[in-house]
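Below: the structure, in structure tokens.
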Amino acid sequence: MDVTTGLAVMSGVALAAACGLRAFLPVLVVGVAARFGWIALGPSYAWLHSDPALIALAVAAVLEIAGDKIPVVDHALDVAGSVLRPIAAAVAMLGVLPHLPGPVAALLAIASGLGAFGVHALKAKTRIGSSALTLGHANPFLSVAEDGATLTISAAAVVVPAIAFAFIVLLLWLSVRRRMTTRAG
């Protein structure tokens, strides 16, 4: 694997993880980055930087971000996100990896979708705990933190993919370590 492909994979992994928090914002970041020439998209994903796609992604991102601040709507978005976030992760991952053989692309799409679903499940579990402890009052604050994390990870995935990837690996390691410590104690 050459350096360019390695960086693209790192970018794709970070974007897929960000899709686990918000479905549309990371894909919007990919489209905007491609529009400005900061990243190259594969020919099959060139539509991501078209005007109609950018407008649709921007509207969807704003609606998702705004809706996630409303306690009842955030739960409905989590249900829809169970399907949308893995799909968005696959689109983001494959969009930044322009030249892959079909079987490799399929495996990466599945892996990125599963990764996004894992992040989504962890987020949903956190929200359930927050709802139980605070009667949903803390959820909008968690949502703002998720918005910031999604935007930061997505932007880093485009600008400095190795750092974004390292951050995702660190979070995964901390999550596994915490889980093992919790089970042992």
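The values are calculated or read from the model by the stated rules, or taken from the named source; none is laboratory data. This is a predicted model, so every value here is computed, not measured. No Cβ is skipped: glycine too gets one built from the backbone with ideal geometry, and neighbour counts run over all protein chains shown.
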Exercise. When you go through (1) under 18 Å from the mean Cα position of the chain (by Cα); (2) under 30 Å from Pro43 (Cβ atoms) one by one for Arg127, which number turns out not to apply?
Worked result: (2)
For this session: Quick one: which residue in Ile163, Ile153 is β-branched (Val, Ile, Thr) and within 17 Å of Gly81 (Cβ to Cβ)?
Result: Ile153
Problem set entry | Near pairs, Cβ below 8 angstrom, 6+ apart or cross-chain, from segment 139-152 (farther than 15 Å from Asp78 by Cα) to any residue that is at pLDDT 95 or above and part of a helix (DSSP H, G or I) | Ala149/Ala18; Thr150/Ala18; Thr150/Leu25; Thr150/Pro26; Leu151/Leu25; Leu151/Val29
For this session: Please work out which residue is modelled with the lowest pLDDT, limiting yourself to segment 71-93 and to residues that are among the β-branched types (Val, Ile, Thr), under 17 Å from Lys123 (Cβ atoms) and in contact with a helix residue (DSSP H, G or I) (Cβ under 8 Å, 6 or more places away or on another chain).
Result: Val73
For this session: Look through Ala124, Ala89, Ala166, Ala109 and report the one residue that is closer than 24 Å to Val29 by Cβ and in contact with an Asp or Glu (Cβ under 7 Å, 6 or more places away or on another chain).
Result: Ala124
Exercise. How about segment 22-46: which of its residues are farther than 29 Å from Lys123 by Cα, in a helix (DSSP H, G or I) and modelled with pLDDT of 95 or more?
Worked result: Arg35
For this session: Would you confirm whether any residue within segment 97-106 is modelled with pLDDT of 95 or more, within 21 Å of Ala33 (Cα to Cα) and of a type outside the set (A, V, I, L, M, F, W, C)?
Result: no
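Suppose we filter segment 164-185 for residues that are assigned to a helix (DSSP H, G or I) and exposed (fewer than 13 other Cβ atoms within 10 Å of the Cβ); how many remain? Before you say what the answer is, go through the steps one by one.
Residues of segment 164-185 that are assigned to a helix (DSSP H, G or I), as a first pass: 164-184.
Filter again for exposed (fewer than 13 other Cβ atoms within 10 Å of the Cβ), leaving 170, 173-174, 176-184.
Qualifying residue count for the region: 12.
Can you tell which of Gly118, Gly148, Gly113 is assigned to a helix (DSSP H, G or I), within 13 Å of the chain's Cα centre (by Cα), at pLDDT 90 or above and surrounded by fewer than 13 Cβ atoms within 10 Å (Cβ to Cβ)?
Working: Gly118 fails: surrounded by fewer than 13 Cβ atoms within 10 Å (Cβ to Cβ); Gly113 fails: surrounded by fewer than 13 Cβ atoms within 10 Å (Cβ to Cβ).
So the residue among Gly118, Gly148, Gly113 that is assigned to a helix (DSSP H, G or I), within 13 Å of the chain's Cα centre (by Cα), at pLDDT 90 or above and surrounded by fewer than 13 Cβ atoms within 10 Å (Cβ to Cβ) is Gly148.
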